[in-house]
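The values are calculated or read from the model by the stated rules, or taken from the named source; none is laboratory data. Since we're looking at a predicted model, the values are computed, not measured. Heads up, the Cβs are rebuilt from the backbone with ideal geometry, glycines too, and the neighbour counts pull from every protein chain shown.
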Amino acid sequence: MAESGYLTNQFLIAMPTLLDPHFFHSVAYICEHNQHGAMAIIINQPVDLTVGELMEQMDKHPPHNVITERPVFRGGPVEVERGFVLHQSGGDTWESSLPVTDQIALTSSNDIITAMAEGRGPENSLVALGYAGWGAGQLEAEIRANAWLNAPADSKILFNTDVSERWEAAAALIGIDIHLLTGDAGHA
């Protein structure tokens with residue numbers, strides 16, 4: 001675990017033995033973790049929807065560009081009808097933002113989608129529907145039960161690594177070939 005005991009700004013990497021369909025082979029970015037629980041966005045489960053199609057559904061009519069072709073992600077099984085934008089912060093302020101670090105924030109207000117549709121949004125972003133949440137002590141218990149690995153987050157993996165490579169790339173951050181792991185772990 002991180003030095004503070006909390007895992008904000010870390011990747012959660014599903015162990016190969018985690019068979020829950022919501023989290024199978026997933027990588028989640030932890031946006032908040034404290035004594036009350038944890039919140040994360042899954043960053044490697046695209047849904048059959050592009051950012052441009054989502055914008056159209058919101059009655060935004062963006063010009064066709066790189067952002068509109070990006071996939072929307074299934075951020076987790078909680079509040080799946082709610083949209084979240086995980087993005088690099090760059091001095092802009094949005095109506096409803098959670099700063100994760102000095103460089104990364106999670107925004108849930110429509111003003112960021114409007115700005116993105118108008119070409120004024122953050123350069124690096126990931127749009128997700130829903131989030132993953134854990135109650136107090138729940139995530140820690142799952143990590144102790146060998147359901148998850150954690151690794152320091154890397155913005156390159158978050159925003160620029162091919163979606164199909166994120167699970168392996170996140171594990172590689174801590175020197176692990178995820179395909180060589182089993183569910184058996186030793187405890188001293």
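Taking the criterion of being over 20 Å from the mean Cα position of the chain (by Cα) and either at pLDDT 95 or above or not β-branched (Val, Ile, Thr) (or both), the residues of the range 157-188 that qualify are Gly175, Asp177, His179, Leu180, Leu181, Gly183, Asp184, Ala185, Gly186, His187, Ala188.
Is it the case that Pro46 is of a type outside the set (Val, Ile, Thr), touching a residue at least 60 places away in the same chain (Cβ under 8 Å), farther than 15 Å from Leu139 by Cα and out of contact with any strand residue (DSSP E or B) (no Cβ under 6 Å at 6 or more places or on another chain)? Judged against the criteria, Pro46 is not a match. The residue of the range 108-144 that is nearest to the chain's Cα centre (by Cα), among those that are closer than 13 Å to Gly37 by Cβ, of a type in the set (A, V, I, L, M, F, W, C) and in a helix (DSSP H, G or I), is Leu139.
Return a yes/no flag: does the range 130-150 have any residue that is closer than 19 Å to Met58 by Cα, at pLDDT 95 or above, in contact with a strand residue (DSSP E or B) (Cβ under 6 Å, 6 or more places away or on another chain) and among the hydrophobic types (A, V, I, L, M, F, W, C). No: zero hits.
Within the set Ala117, Ala132, Ala128, Ala136, the sole residue that is exposed (fewer than 15 other Cβ atoms within 10 Å of the Cβ) and in contact (Cβ under 8 Å) with a residue 60 or more places away in the chain turns out to be Ala136. Against the condition of a type in the set (Phe, Trp, Tyr) and farther than 13 Å from Ala170 by Cα, how does Tyr29 come out, does it pass? Answer is no for this residue. Scanning the range 170-182 for residues that are in contact (Cβ under 8 Å) with a residue 40 or more places away in the chain and assigned to a helix (DSSP H, G or I) yields Ala170, Ala171, Ile178, His179. If only residues of the range 57-107 that are among the polar types (S, T, N, Q) and part of a strand (DSSP E or B) are counted, the one that is nearest to His22 (Cα to Cα) is Thr107. Within the range 54-100, being more than 18 Å from the chain's Cα centre (by Cα) and acidic (Asp, Glu) holds for Glu56, Asp59, Glu69, Asp92, Glu95.
The lone criterion from (1) within 17 Å of Ile157 (Cβ to Cβ); (2) hydroxyl-bearing (Ser, Thr, Tyr); (3) surrounded by fewer than 18 Cβ atoms within 10 Å (Cβ to Cβ) left unmet by Tyr29 is number (3). Scanning the range 74-99 for residues that are touching a residue at least 60 places away in the same chain (Cβ under 8 Å) and either surrounded by 21 or more Cβ atoms within 10 Å (Cβ to Cβ) or over 16 Å from Ala132 (Cβ atoms) (or both) turns up Leu86, Gln88.
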